[in-house]
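S.K.: Attaching a single structure in structure tokens format; questions to follow.
The values are calculated or read from the model by the stated rules, or taken from the named source; none is laboratory data. Just so we're clear, the structure is a prediction, and the values are computed from it rather than from any experiment. Cβ placement follows ideal geometry from the backbone for every residue including glycine, while neighbour counts extend to all protein chains displayed. SASA here: full protein model, heavy atoms, side chains in, ligands and nucleic acids out. Shrake-Rupley method; radii C 1.70, N 1.55, O 1.52, S 1.80 Å.
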Amino acid sequence: MAKTSKGRMPRLEDVAKIAGVSHQTVSRVVNNHPNVSKATREKVEAAIAELGYRRNTAARSLVTRRSQTIGVLASELSQYGPANTLVGVENAARNAGYFVSIAALREVSRDAISDAVGHFMDQAVDGIGVLVPHSETLAVLEQMNLPVPVVAVGSAGSASVSGAMVDQRAGARLAVEHLIKEGHRQIGHIAGPPDWTDGAERAEGWRAALREAGLDESLLVEGDWSAGSGYSIGRELASERTATAIFVGNDQMALGLLRAFTEAGVKVPDDVSVVGFDDQPEAGYFTPPLTTVRQDFEELGRRCMDIMLKEIESGAPVSSTVVPPELVLRASTAAPASP
């Protein structure tokens, strides 16, 4: 950062003098206010670049009584869904002018959650986003009665905690209804761990779609989200051949399933159709390219921050928002082979 001719760090008033505008205008530009013309914004940004000005967040916090920091409590970041949800929340927070402080849990327990939240309170965060996709998380948060807005991402929330989620049940229904429309009547499910909210919701969506169609709901096997578990289950399913279609709880398990089927000589989709969940970037390059359910993590992050900012800035009441999923059709599904 450059120093002024007086030997001090540049201030907002210095930027205003170089740009030929008022310090209020510079403040509006720095805080991303929409009521600034393009020409004026460019002049101010040029002056900021020339001086190397950086706003004093500590001083701003004293005035606004806000730290401009959001705490994000996360777990299971090795998994595609939680990792990309975190990216979505981080991007949305940054675009809104907030810093993000992350606490990654090594274990999901009441004590671990309480310790991490206590750390955020010590940092005087303005709000907390919770990306801990386990069923007991919401109950722990409700009991803490926190003084800042809390948004549970991946949850519908509750009376005291806001929620932002992709509709997992609806996504599962999209997958199963597609398979039913193709003519399948024996549709299995490789589910994620039942203590994960997403795993339980997708399994329930699978059951509901089968129940409405009057089909068998017993063909369920639990995996652990990994390609390895999908591979192990796939080897068993290849020998049993009881289902003509498999809805898999995520794309990673679907990848392992496809390899097991290939090794066993089971052709996809000629012998068995396969649908995944997430639409990770590699899904279109599986063999065959995977039909899957897409989650919009960027939109989920935006909605999380929208709720949080409304609570922070205007005291809006607790609320929830749901992002719709999308079925992406590729080459891993087809009508069942004739008997």
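S.K.: List every residue pair whose Cβ atoms lie under 8 Å apart, where the two residues are 6 or more positions apart in sequence or sit on different chains, the first residue falls within the range 130-144 and is in contact (Cβ under 8 Å) with a residue 12 or more places away in the chain, and the second residue, located anywhere, is of a type in the set (Lys, Arg) and surrounded by fewer than 16 Cβ atoms within 10 Å (Cβ to Cβ).
M.R.: Hits for this filter: Glu136/Arg110; Val140/Arg110.
S.K.: Please tell me if Ala238 is of a type in the set (Gly, Ala, Ser), over 20 Å from Tyr80 (Cα atoms) and part of a helix (DSSP H, G or I).
M.R.: Criteria met by Ala238.
S.K.: For the range 236-256, give me the residue count where each residue is open to solvent by less than 20 Å² (accessible area, probe 1.4 Å) and out of contact with any Asp or Glu (no Cβ under 7 Å at 6 or more places or on another chain).
M.R.: Residues meeting the conditions: 10.
S.K.: Now for a separate question. Give the residues of the range 75-100 that are among the polar types (S, T, N, Q) and open to solvent by 20 Å² or more (accessible area, probe 1.4 Å), sorted by residue number.
M.R.: Ser78, Gln79, Asn84, Asn91, Asn95
S.K.: Another question, then. If you check Ala175, Ala164, which single one turns out to be at pLDDT 95 or above and closer than 20 Å to Leu220 by Cα?
M.R.: Exactly one residue qualifies, and that residue is Ala175.
S.K.: What pairs come up if the first residue lies in the range 29-43 and is open to solvent by less than 60 Å² (accessible area, probe 1.4 Å), the second is in a loop (DSSP other than H, G, I, E, B) and modelled with pLDDT of 75 or more, and their beta carbons are under 8 Å apart, counting only those six or more places apart or on different chains?
M.R.: From residues that are open to solvent by less than 60 Å² (accessible area, probe 1.4 Å), the pairs are Val29/Val36; Thr40/Val21.
S.K.: In contact with a strand residue (DSSP E or B) (Cβ under 8 Å, 6 or more places away or on another chain) and in a helix (DSSP H, G or I): is that true of His189 in this structure?
M.R.: Answer is no for this residue.
S.K.: Mind counting the residues in the range 272-302 that are in contact (Cβ under 8 Å) with a residue 60 or more places away in the chain and either open to solvent by 60 Å² or more (accessible area, probe 1.4 Å) or in a helix (DSSP H, G or I) (or both)?
M.R.: Selection size over the range 272-302: 7.
S.K.: I would also like to ask the following. Criterion first (at pLDDT 85 or above, surrounded by 16 or more Cβ atoms within 10 Å (Cβ to Cβ) and either in a strand (DSSP E or B) or over 18 Å from the mean Cα position of the chain (by Cα) (or both)) does Val72 satisfy it?
M.R.: For Val72, the condition - at pLDDT 85 or above, surrounded by 16 or more Cβ atoms within 10 Å (Cβ to Cβ) and either in a strand (DSSP E or B) or over 18 Å from the mean Cα position of the chain (by Cα) (or both) - is met.
S.K.: Kindly list the number of the only condition in (1) in a loop (DSSP other than H, G, I, E, B); (2) at pLDDT below 95; (3) under 20 Å from the mean Cα position of the chain (by Cα) that fails for Ala159.
M.R.: Every condition holds for Ala159 apart from (3).
S.K.: All but one of (1) more than 15 Å from Leu257 (Cβ to Cβ); (2) surrounded by 15 or more Cβ atoms within 10 Å (Cβ to Cβ) hold for Ser338; state the number of the condition that does not hold.
M.R.: Here Ser338 clears every test but (2).
Let's see how each residue does on (1) open to solvent by less than 40 Å² (accessible area, probe 1.4 Å); (2) among the small types (Gly, Ala, Ser); (3) within 22 Å of Arg202 (Cβ to Cβ):
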| position | (1), (2), (3) |
| --- | --- |
| Arg110 | no, no, no |
| Ser114 | no, yes, no |
| Val117 | yes, no, no |
| Gln123 | no, no, no |
| Gly127 | yes, yes, no |
| Glu142 | no, no, no |
| Ala159 | no, yes, no |
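S.K.: Mind listing whichever residues of the range 222-231 are of a type outside the set (Phe, Trp, Tyr) and open to solvent by less than 50 Å² (accessible area, probe 1.4 Å)?
M.R.: Passing the criteria: Gly223, Ser226, Ala227, Gly228, Ser229, Gly230.
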